[in-house]
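Novice: Mind having a look at this structure? Questions to follow.
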Amino acid sequence: MLKGRLGLDSAKVPHADRAGLLYLARGALTAHDGTLAFVQGSATEADALTPGDYAIPLQAVSMILLGPGSTVSHDALRLLAHARTALAAVGEDGVRFYTAPPLIPDRSGLARVQARLWADDDMRIMIARRMYALRLGEILPHSNLDVLRGIEGARMKESYRLLAQSIGVNWQGRHYDRANPMAADLPNQALNHAASAVEAAAAIAVAATATVPQLGFIHEDAGQSFVLDIADLYRVEVTIPCAFRAAKLVAAHPSDNIERVTRRLTGETLARDQIIPAMIERIKRLIEGRE
């Protein structure tokens with residue numbers, strides 16, 4: 001009875017034939033007559049859906065991102081598990097990545113290739129050089145990771161300076177005290193918040209591709225090393241500009257909260273520019289050697 005009621009005997013659509021991600025917020029994800037349904041409550045301007053009941057194409061997407069103000073039923077989780085559709089609890093527009101049940105795609109190809117590349121010293125440095133080429137706009141001839149990091153550090157200092165100048169922010173250099181992050185000036189506080197938001201987006205992309213977050217090619221020790229690798233690819237494109245724009249806004253309106261403003265600006269950029277889908281495609285190209 002339970003099997004028929006929940007539609008658990010239906011066929012599974014391969015992830016290669018699915019559309020990708022679906023963001024839902026401020027509603028209830030439930031099972032209704034053997035299908036997945038979402039009851040959208042009061043909506044904001046950022047929500048794609050107006051209030052109402054919606055049938056969710058369970059096997060047409062690979063991952064559902066459940067935003068703030070939402071609930072999910074036990075029966076809905078069973079449907080998702082059977083269809084091998086991942087579910088992640090995220091912040092507004094994907095600026096936080098709270099948790100995702102291990103409902104990963106129905107293939108392990110990218111993860112296995114990633115592991116082989118990571119375990120081979122020559123291939124690992126090759127991927128690192130590709131990542132630096134994407135960030136710096138040129139392929140560097142060096143094969144020593146410390147040398148590459150040094151070059152990247154110098155280039156980033158210049159990027160900070162130029163972006164601060166173009167946006168109109170007083171930039172005194174990157175300073176961050178883990179023990180007292182609020183002691184930093186507004187641009188540095190905003191950079192911390194924007195970096196966290198972009199890292200959350202990268203974590204969603206890594207989860208969606210079923211790659212291994214621990215196996216980074218530039219970052220080495222963190223449990224989210226590969227996530228940090230991917231997030232850094234968007235530092236100049238997303239993280240720094242969003243942070244500096246937020247710092248400028250809060251400097252003009254001191255009563256505003258720097259974290260809230262930064263998260264909103266970064267979330268708007270992630271959604272408008274389709275950054276998470278871009279991250280997913282970039283991961284595939286990097287791992288498969290097409291970047």
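The values are calculated or read from the model by the stated rules, or taken from the named source; none is laboratory data. Every value quoted in this text rests on a predicted model; they were computed, and no experiment measured them. Heads up, the Cβs are rebuilt from the backbone with ideal geometry, glycines too, and the neighbour counts pull from every protein chain shown.
Novice: Return the total of residues in segment 258-291 being touching a helix residue (DSSP H, G or I) at 6+ places or on another chain (Cβ under 8 Å) and surrounded by fewer than 13 Cβ atoms within 10 Å (Cβ to Cβ).
Specialist: Total satisfying the criteria: 2.
For (1) in contact with a Ser or Thr (Cβ under 9 Å, 6 or more places away or on another chain); (2) of a type in the set (Val, Ile, Thr); (3) part of a helix (DSSP H, G or I), each residue gets a yes or a no:
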| position | (1), (2), (3) |
| --- | --- |
| PRO187 | no, no, yes |
| ASN192 | yes, no, yes |
| PRO213 | yes, no, no |
| PHE217 | yes, no, no |
| GLU220 | no, no, no |
| VAL238 | yes, yes, yes |
| PRO241 | yes, no, yes |
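Novice: Now a separate question. Residue check, ALA154 against (1) surrounded by 14 or more Cβ atoms within 10 Å (Cβ to Cβ); (2) in a helix (DSSP H, G or I); (3) among the hydrophobic types (A, V, I, L, M, F, W, C), all met but one. Which one?
Specialist: Looking at each condition in turn, ALA154 falls short on (1).
Novice: Still on this structure, please answer the following. Condition test on ALA210, is it touching a Cys at 6+ places or on another chain (Cβ under 8 Å) and closer than 21 Å to GLY91 by Cα? Give the steps one after another, and end with the answer.
Specialist: Working: touching a Cys at 6+ places or on another chain (Cβ under 8 Å): no; closer than 21 Å to GLY91 by Cα: yes.
It is false that ALA210 is touching a Cys at 6+ places or on another chain (Cβ under 8 Å) and closer than 21 Å to GLY91 by Cα.
Novice: Moving to a separate point now. Take the conditions of a type in the set (D, E, K, R), assigned to a helix (DSSP H, G or I) and under 22 Å from LEU145 (Cα atoms) and apply them to ASP229. Does it pass?
Specialist: Numbers: of a type in the set (D, E, K, R): yes; assigned to a helix (DSSP H, G or I): yes; under 22 Å from LEU145 (Cα atoms): yes.
In short, yes.
Novice: Give me a count of the residues in segment 123-151 that are buried (at least 16 other Cβ atoms within 10 Å of the Cβ), closer than 23 Å to PRO241 by Cβ and basic (Lys, Arg).
Specialist: 1
Residues checked against (1) among the polar types (S, T, N, Q); (2) modelled with pLDDT of 95 or more; (3) not assigned by TED's automatic domain parsing to the domain that holds ARG129:
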site	(1), (2), (3)
GLY223	no, no, no
ILE240	no, yes, no
ALA243	no, yes, no
ALA247	no, yes, no
VAL250	no, yes, no
PRO254	no, no, no
VAL261	no, yes, no
LEU265	no, yes, no
THR269	yes, yes, no
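Novice: Counting only residues that are at pLDDT 90 or above and hydrophobic (A, V, I, L, M, F, W, C), which one in segment 26-53 is farthest from ARG272 (Cα to Cα)?
Specialist: Applying the filter and picking the extreme gives ALA31.
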